[in-house]
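Here is the structure we will look at, set down as structure tokens.
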Amino acid sequence: MKRTEETVLMNMCMVTAGGKVAVIDRKKPDWPGITFPGGHMENGESVVDSVVREIKEETGLEIVAPTLCGITDWCDEGRRYIVFLFKAETFTGELVSSDEGEVWWESIENLKNLKLTSGMELYLKVFADTGISELFYKKVEDDWESELK
């Protein structure tokens, strides 16, 4: 049995302030809609450094001491994709939109009323519930099934 596989590493961070969260309306066609900011890790970069960099690039905020709260992962076409999910409450700077999309502060309660990215409702469960540490997607025939673990 092969014990290694090609892996794509990514991150996402729920930045909170005064009962609101920073959201981004992603414009890229591969995963459009409203989500939390984040992105891909660069080669040789630490997981924490990658989320700090991505949040700065996408929002203008410099987060401090992000806390890992879970992961989401799936396998597709011979690759494993892993997204490290973080929370951050401490930051400097002001929200500034980027080429990735418009950013703003939104109440967590209103997220359900917005056009969220595909699967974001499940991501929110991982961010909210300390008893859930993984959202795993598996392909069954031509459809995806999700498991919260």
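Couple of notes before you dig in:
Listed here are the residues, each with its yes/no results for (1) exposed (fewer than 13 other Cβ atoms within 10 Å of the Cβ); (2) within 28 Å of Trp144 (Cα to Cα); (3) acidic (Asp, Glu).
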| position | (1), (2), (3) |
| --- | --- |
| Gly19 | yes, no, no |
| Ile24 | no, yes, no |
| Pro29 | yes, yes, no |
| Glu57 | no, no, yes |
| Gly60 | no, no, no |
| Ile63 | no, no, no |
| Cys75 | no, yes, no |
| Val83 | no, yes, no |
| Leu95 | no, no, no |
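- Positions within segment 123-143 being within 12 Å of Thr72 (Cβ to Cβ), hydrophobic (A, V, I, L, M, F, W, C) and assigned to a strand (DSSP E or B), in sequence order: Leu135, Phe136
- Segment 24-52 residues that are under 21 Å from Thr7 (Cα atoms), paired with ones that are modelled with pLDDT under 95 (beta carbon under 7 Å, 6 or more apart): Trp31/Ser118
- All positions within segment 77-94 that are in contact with a strand residue (DSSP E or B) (Cβ under 7 Å, 6 or more places away or on another chain) and more than 24 Å from Thr130 (Cβ to Cβ): Gly78, Arg79, Arg80, Thr92, Gly93
- Residues that are closer than 28 Å to Asp143 by Cβ, in a loop (DSSP other than H, G, I, E, B) and not basic (Lys, Arg) within segment 28-85 comprise Pro29, Asp30, Trp31, Pro32, Phe36, Glu77, Gly78, listed in sequence order.
- Qualifying residue in segment 112-122 (condition: basic (Lys, Arg), in contact with a Gly (Cβ under 9 Å, 6 or more places away or on another chain) and modelled with pLDDT of 95 or more): yes
- Scanning segment 1-17 for residues that are farther than 20 Å from Ala65 by Cβ and among the hydroxyl-bearing types (Ser, Thr, Tyr), we see that the one that is surrounded by the fewest Cβ atoms within 10 Å (Cβ to Cβ) is Thr4.
- Hey, Trp105 exposed (fewer than 14 other Cβ atoms within 10 Å of the Cβ) and outside any loop (DSSP other than H, G, I, E, B) or not: no
- Of the residues screened, Ala17 is not one that is among the small types (Gly, Ala, Ser), at negative phi, touching a Cys at 6+ places or on another chain (Cβ under 9 Å) and modelled with pLDDT of 95 or more.
The values are calculated or read from the model by the stated rules, or taken from the named source; none is laboratory data. In this text the structure is predicted, and so the values were computed from the model without any measurement. Every residue, glycine as well, gets a Cβ built from its backbone with ideal geometry; the counts of neighbours run over all protein chains shown.
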